[in-house]
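What follows is one structure encoded as structure tokens, with my remarks underneath.
The values are calculated or read from the model by the stated rules, or taken from the named source; none is laboratory data. Keep in mind the model is a prediction, meaning the values are calculated, not measured. Cβ placement follows ideal geometry from the backbone for every residue including glycine, while neighbour counts extend to all protein chains displayed. For the accessible areas, the whole protein counts, side chains as well, though only heavy atoms, and no ligand, DNA or RNA atoms are used. Shrake-Rupley method; radii C 1.70, N 1.55, O 1.52, S 1.80 Å.
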Amino acid sequence: MANLRRRDFLKLFGATLAWPVLRPVPPDEVVFEHPTGLGRVTEPSIWAFSKPAPGAAKTQLIPGNTVLKIASSVATKGQMPHNPFWHETRWGWVYSSWVQPVRRQLNKVVQNVPKEGFWAEVTMPYVALRAKPDDKSVLYHLLYYSSVHQVIAHVEDDGGQSWYQLRDDLRPGLVEYARAEGLRPIPPAEMMPISPFVQDKLIEVNIKQQMLYAYENGRLVFSTRCATGTSFNIKGLGWVSYRTPQGKFKVLSKRPSRHMRGSEGRSDFYDLPGVPFCVYFVAGGVAVHGAYWHNDFGRPRSHGCVNVASEAAKWIYLWSNPPAGYDALLEVQNGGMPVVVS
């Protein structure tokens with residue numbers, strides 16, 4: 001995406017869609033607790049239990065990607081010490097670490113996509129990414145709630161249904177499409193930096209606590225649970241460490257979205273398109289970023305990065321210096337704010 005001034009970008013969209021102007025504030029802590037609403041099963045399968053407690057009788061095996069209607073949530077004793085929350089569903093109680101809070105929101109379609117494209121976030125539990133604008137075409141991926149993608153064109157299929165053509169930063173030459181109604185365009189006004197003129201900013205990641213803290217002039221302005229790097233027992237290799245490096249670092253680059261893929265041919269393989277709001281601080285690819293593939297914040301479980309909820313990642317991205325604007329990639333030459341991992 002070429003460098004484009006915000007006011008010019010807004011002019012391009014002015015005749016197409018009336019954008020809401022949102023001032024981001026530190027998000028509420030909604031990582032585990034989800035009193036009512038919907039949740040997507042993030043694991044290959046999970047069990048529902050008769051009671052919200054470890055050792056309760058199993059009532060139903062629920063497949064991955066099932067969208068659950070959550071009637072209520074309680075905090076009792078969790079299956080793991082860091083998370084006490086359980087959700088009540090029609091099949092029984094499910095442990096919240098394996099359920100991503102989601103919504104179902106259809107969006108107004110932007111038919112006149114500017115040549116520079118625009119960013120959009122998935123607002124359905126998931127949408128299909130296909131090789132052609134056709135519901136029967138080859139399925140590349142499922143794009144999950146809160147992931148972020150670059151829209152470069154709008155097309156209609158033979159039935160008049162709207163599709164967006166997306167650009168994948170990992171495979172920019174691949175042609176791929178998703179149903180347009182499931183992606184919410186992110187306006188440039190929503191990507192304006194937060195307190196950009198405050199120079200004294202600091203991100204602190206506390207590995208023992210599994211917490212991320214944000215400070216302005218020594219004052220805490222935001223905190224959230226996180227999930228840092230851990231070790232994986234890889235078939236044929238044994239235990240391999242991916243622990244998040246400790247020390248003093250600086251922000252090196254920022255991007256609104258990244259297709260992360262790694263460990264091909266191994267048991268710890270991952271393929272994650274549209275990872276939202278990445279703030280890199282270690283050469284080689286260690287970043288603070290959103291995670292839609294789990295709701296298990298509060299314990300180490302990543303390949304080295306600092307996972308946070310997508311809403312938190314967006315706030316950190318907009319708040320951290322230097323400001324990134326609406327560009328696809330900001331590479332920091334100097335002046336990147338400090339990040340301390342301890």
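A few points about this structure:
- Of all the residues in region 124-166, those that are in contact with a Lys or Arg (Cβ under 9 Å, 6 or more places away or on another chain) and of a type in the set (D, E, K, R) number 4.
- Strands (runs of 3 or more DSSP E) (entirely within region 227-288) containing at least 1 residues that are in contact with a Ser or Thr (Cβ under 6 Å, 6 or more places away or on another chain) and under 19 Å from Arg301 (Cβ atoms): 231-234, 238-241, 270-282
- Yes/no for Trp98 being crowded, with 20+ Cβ neighbours inside 10 Å and closer than 29 Å to His259 by Cα: yes
- Here region 199-218 is the region considered, the condition is being part of a loop (DSSP other than H, G, I, E, B) and at pLDDT 95 or above, and the residue that is least open to solvent (accessible area, probe 1.4 Å) is Gln210.
- Region 30-78, subset of a type in the set (D, E, K, R) and in contact with a strand residue (DSSP E or B) (Cβ under 7 Å, 6 or more places away or on another chain), residue modelled with the lowest pLDDT: Glu33
- Test: Glu181 is open to solvent by 40 Å² or more (accessible area, probe 1.4 Å) and part of a helix (DSSP H, G or I): yes
- Remark: Tyr292 falls outside the filter, which requires a residue to be in a strand (DSSP E or B) and of a type in the set (Ser, Thr, Tyr).
- Qualifying residue in region 261-277 (condition: open to solvent by 20 Å² or more (accessible area, probe 1.4 Å), closer than 18 Å to Trp119 by Cβ, in contact with a strand residue (DSSP E or B) (Cβ under 9 Å, 6 or more places away or on another chain) and of a type in the set (Asp, Glu)): no
- Residues in region 310-318 include none that are open to solvent by less than 10 Å² (accessible area, probe 1.4 Å), under 24 Å from Leu143 (Cβ atoms), touching a Ser or Thr at 6+ places or on another chain (Cβ under 6 Å) and part of a strand (DSSP E or B).
- Within region 41-73, considering residues that are in a strand (DSSP E or B) and among the hydroxyl-bearing types (Ser, Thr, Tyr), the one nearest to Thr89 (Cα to Cα): Ser72
- Matching residues, region 232-260, being of a type in the set (Ser, Thr, Tyr) and open to solvent by less than 30 Å² (accessible area, probe 1.4 Å): Thr244, Ser253, Ser257
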